[in-house]
Amino acid sequence: MTDSSDAIRIGHVHLTVSDLPRAVAFYRDLLGFDVTQQLGTQAAFLSSGGYHHTIGLNTWSRPHAQKPQEGQIGLYHVAILYPDRKELARALKRLLQKKWPIEGMADHGVSESIYLKDPDGNGLELYADRPESQWPRDGKGQLKMVTEPLDVEKLLDEA
């Protein structure tokens, strides 16, 4: 097993959006990111924890950009890892307060997840990992992820 400090990681995701102010408001106000730089009306970069950018948003392809189509080859979703259950619960609370459509929620044993689409139809998974010592494993010690119902009330108690 590789030490996590040596692991290759996804550095950021960059999305084409149709309405930059709307997209910035969604990622900033509902998901909790900070704007680290804005390039006029064409691009913005957002992050959390002082990193230069985790999410890039741009309108460079407009007006020709089209929304992603369901069932086509391409990106299924971007998974956004929150530092703990409390921050995930806060994000869920903000989404529910704004009546943002939630497509699904699941307990995967290793993590708790919330699934939704951003304003441009990009799939998102918001999740918080459990401590590795709590990850479910089989008799041989192999990881055994599951998809079970998420205890939403218990999660929201964290907020």
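The values are calculated or read from the model by the stated rules, or taken from the named source; none is laboratory data. Everything quoted here is computed from the prediction, not taken from an experiment. Note: ideal-geometry Cβ built from the backbone for every residue, glycine included; neighbour counts use all protein chains shown. Side chains included, ligands, DNA and RNA excluded: accessible areas come from the protein's heavy atoms. Shrake-Rupley method; radii C 1.70, N 1.55, O 1.52, S 1.80 Å.
Checking each residue in the range 37-62 for being aromatic (Phe, Trp, Tyr) and either farther than 19 Å from Asp19 by Cβ or not in a loop (DSSP other than H, G, I, E, B) (or both) picks out Phe45, Tyr51. A search for C-beta distances below 8 Å between a residue of the range 81-94 that is under 12 Å from Gly32 (Cα atoms) and in contact (Cβ under 8 Å) with a residue 24 or more places away in the chain and any residue that is assigned to a helix (DSSP H, G or I) and open to solvent by 70 Å² or more (accessible area, probe 1.4 Å), counting only pairs 6+ apart in sequence or on different chains, returns Ala89/Asp157; Arg94/Asp29. Selection of the range 7-34 for residues being in a helix (DSSP H, G or I), in contact with a helix residue (DSSP H, G or I) (Cβ under 8 Å, 6 or more places away or on another chain) and of a type in the set (Gly, Ala, Ser) yields an empty set. Just the residues that are out of contact with any His (no Cβ under 9 Å at 6 or more places or on another chain), touching a residue at least 12 places away in the same chain (Cβ under 8 Å) and farther than 27 Å from Asp107 by Cα, please, taken from the range 45-80. Correct list: Thr59, Trp60, Ser61, Arg62, Ala65, Lys67.
Picking from residues in the range 52-78 that are touching a Ser or Thr at 6+ places or on another chain (Cβ under 8 Å) and under 29 Å from Leu155 (Cα atoms), the one that is least open to solvent (accessible area, probe 1.4 Å) is Ile55. Scanning the range 103-159 for residues that are more than 30 Å from Gln66 (Cβ to Cβ), in contact with a Lys or Arg (Cβ under 7 Å, 6 or more places away or on another chain) and either of a type in the set (Val, Ile, Thr) or in contact (Cβ under 8 Å) with a residue 60 or more places away in the chain (or both) turns up Val110, Leu155, Leu156, Glu158, Ala159.
Which of the residues spanning the range 110-159 are surrounded by 15 or more Cβ atoms within 10 Å (Cβ to Cβ) and farther than 23 Å from His77 by Cα? Listed by number, the residues that qualify are Glu158, Ala159.
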